[in-house]
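Take a look at the structure set out below.
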Amino acid sequence: MISRALTAKSRKSFKYGYDYSKSVSINDYEDCFVGIMEDLPLIHCDHHGNNKSGVLYGRDSTTGAQPHHLTLREVMRGSVGVIGESRYGITEKVVLLDGKVCSLKRFRKVIVKRSEFGRRIERLAQVSDKCNYLVPVTAHLYAKRIKFLLCDYYPMGTLSDLLAGGREYGHTALDWTQRLKIVIHVSRAIAYIHAQSPPQEKNMRMNVHGNIKTSNVMVNTDFSACLSDYGVAQLAEREEVSNTKVYLEDLCQKCDIYNFGVILLDILAGPKALVLANYNCMAKCITENKEKIKDGSIDFFELPLSEGIERMQALLVLDIALFCINTKPEARPSMEHIVSYLGDVCSKE
């Protein structure tokens with residue numbers, strides 16, 4: 001699994017059917033951009049008030065070059081390929097001249113103007129920088145033909161990648177300890193966002209994520225996790241898709257909580273949970289079969305669980321998932337309570 005993290009390969013998005021090998025890298029646009037537009041400096045998300053004019057990064061250990069500001073042309077030349085695609089845009093892996101590896105999120109259609117784009121990203125970056133469970137935003141660029149964010153890179157990829165790898169390609173599947181660790185970290189990230197005060201600044205909701213799903217959960221080599229795309233739903237327009245939607249899309253905390261419940265079900269049972277739920281009455285269908293799941297009459301969990309602590313913890317997490325996907329939004333627990341419930345699950349050892 002670790003060796004797989006060291007190389008980024010073209011792969012297919014299971015949710016949207018995108019073929020990443022056919023997606024166009026920013027590097028492919030270099031001839032188009034250069035000569036048509038000036039080489040623009042990226043705007044650094046500096047939370048201490050310095051170096052706003054560009055991203056200043058360190059001395060190149062190979063060439064001994066002095067630190068300098070990162071520019072659009074250098075980012076284009078550093079792109080090594082598309083590593084993800086969503087309804088908002090494309091994610092690419094970028095290797096800078098000093099060897100630093102970054103993740104670039106390029107938007108298809110931004111819904112705000114330049115000044116508002118920059119203001120929103122600065123505030124989102126400030127919040128993300130203060131939480132260990134949110135992906136930090138390093139820099140951004142808003143130009144006529146391209147708009148993107150530069151973020152930290154996670155070599156293990158997304159939770160969606162890891163789950164699909166174990167299910168579809170015979171890769172080593174995540175064990176229960178790893179899955180529970182990821183769940184806890186994601187819950188803390190969402191709880192941190194939901195606790196933001198003031199909850200709204202001008203036209204931006206600060207206390208809602210808006211795009212919670214497995215493909216936005218980034219995983220480190222130690223299986224710690226960070227949530228990405230905080231606030232992206234308030235920057236760019238979604239591409240409409242015709243397939244059945246599992247996640248809710250309204251910009252509110254109760255939808256964030258519902259989508260967290262869907263992640264829990266995916267981690268516990270994978271496609272079986274969604275098939276059992278028939279993509280519609282998820283909570284009702286699983287609740288009706290809860291006793292059969294509990295006594296083992298239904299083979300619900302996708303991973304082997306020990307009959308003692310692990311199975312008990314998994315059943316408790318299933319209870320939390322069912323609370324989260326309650327059809328009545330007002331009946332769903334707050335993220336503060338969910339974090340507390342998960343703490344109780346971990347104490348069952």
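Bear in mind that the values in this text are calculations on the coordinates, not laboratory data. Keep in mind that this is a model prediction, so the values were computed, not measured. Positions of Cβ are generated from backbone atoms using ideal geometry, with glycine treated the same way; all protein chains shown enter the neighbour counts.
Using the count of nearby Cβ atoms within 10 Å as a rough guide to exposure, how do Met282, Met156 rank from fewest to most?
Listing Met282, Met156 from fewest to most nearby Cβ atoms yields Met156, Met282.
What list of whole percents do you get for P(r) of the range 159-346, with Cα-Cα distances grouped in 10 Å bins up to the one holding the largest distance?
P(r) over the range 159-346, rounded to whole percents: 9, 37, 39, 14, 2, 0.
Grab the Cα-Cα distance for Glu291 and Lys348, subtract it from 0.36 nm times how many residues apart they are, and report the gain in nm with one decimal.
18.5 nm
Subtract the Cα-Cα distance of Tyr247 and Gln196 from 0.36 nm times their separation in residues, and report this length gain in nm to one decimal.
Between Tyr247 and Gln196, full extension yields 16.1 nm more.
Please give the residues of the range 335-349, grouped as numeric ranges, whose backbone N is less than 17 Å from a label point set 7 Å along the Cα-to-Cβ vector of Met312.
From the range 335-349, the list is 341-349.
Neighbouring Cβ atoms within 10 Å as the yardstick, rank Ser306, Ser197 fewest first.
Fewest-to-most Cβ neighbours within 10 Å comes out as Ser197, Ser306.
If contacts are Cα pairs under 8 angstrom and at least 6 residues apart, what is the relative contact order of the range 159-346 in percent?
Reported relative contact order: 21 percent.
Please order Ser215, Ser340 by the number of other Cβ within 10 Å, starting at the fewest.
Ser340, Ser215
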